[in-house]
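Before any comments, here is the structure.
The values are calculated or read from the model by the stated rules, or taken from the named source; none is laboratory data. On a predicted model such as this, the values are computed, not experimentally measured, just so you know. A quick note on method: Cβ atoms are made from the backbone with ideal geometry, for glycine too, and the neighbour counts reach across all protein chains shown.
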């Protein structure tokens, strides 16, 4: 492991803590391009790192009342089933194709972050069961397939379908990410021997970043933070696409 990779792990946690999203979308590129992990092996490792960091952040947000338990349960139950199924799709594509799909997803996600609503919902929720379960299932499939926590999709889904205030959606997103990532990691477990030393170092640094980001998030505008992070996602997605498209 090198210093850029460790700094990348810190950025993963910081962005998760600040926005409840975004950290997972840069985990795979950090592992592949900075830590030198093969793409398909990096999927399972990414799920471990993101899941562990998100779990730490979720416990912190739970203590401050920023986790909506009913919405988290519905999204997590559907998401874990989706993640287990999505993991079976990963072996069907090559590492290059996986990274191209991932890069395109990054660019779509970044546009969504930039165009996302700046308006917050008042306290309270209206989580329609079928809408929340279907949205959670879709996010879970993506989690298992590409190795992302799905927070960049969870945040708008929690705001739109569960009508959660942004700060509560952030904490709820972290809780769902931890469950989805755990299901995806278990499903990928037999594909390659986990690099446990790297996994624990990355997860520890990312967890510290989540705690720091969560502290800052209470003092900073969440919507603006997500839009700022979108530019990082655009740059990373363009780099990944350029690296793999011309091979």
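See the values below:
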| read-out | value |
| --- | --- |
| Every residue from segment 104-141 that is at pLDDT 85 or above and closer than 14 Å to residue 157 by Cβ | 132, 133, 134, 135, 136, 137, 138, 139, 140, 141 |
| Residues that are assigned to a loop (DSSP other than H, G, I, E, B) and free of Cβ contacts under 8 Å to residues at least 60 places away in the same chain, drawn from segment 148-171 | 163, 165 |
| Residues that are under 18 Å from the mean Cα position of the chain (by Cα) and either under 21 Å from residue 233 (Cβ atoms) or surrounded by fewer than 23 Cβ atoms within 10 Å (Cβ to Cβ) (or both), drawn from segment 34-51 | 39, 40, 41, 42, 43, 45, 46, 47, 49, 50, 51 |
| Members of segment 192-217 found to be modelled with pLDDT under 80 and more than 20 Å from the chain's Cα centre (by Cα), listed by number | 192, 193 |
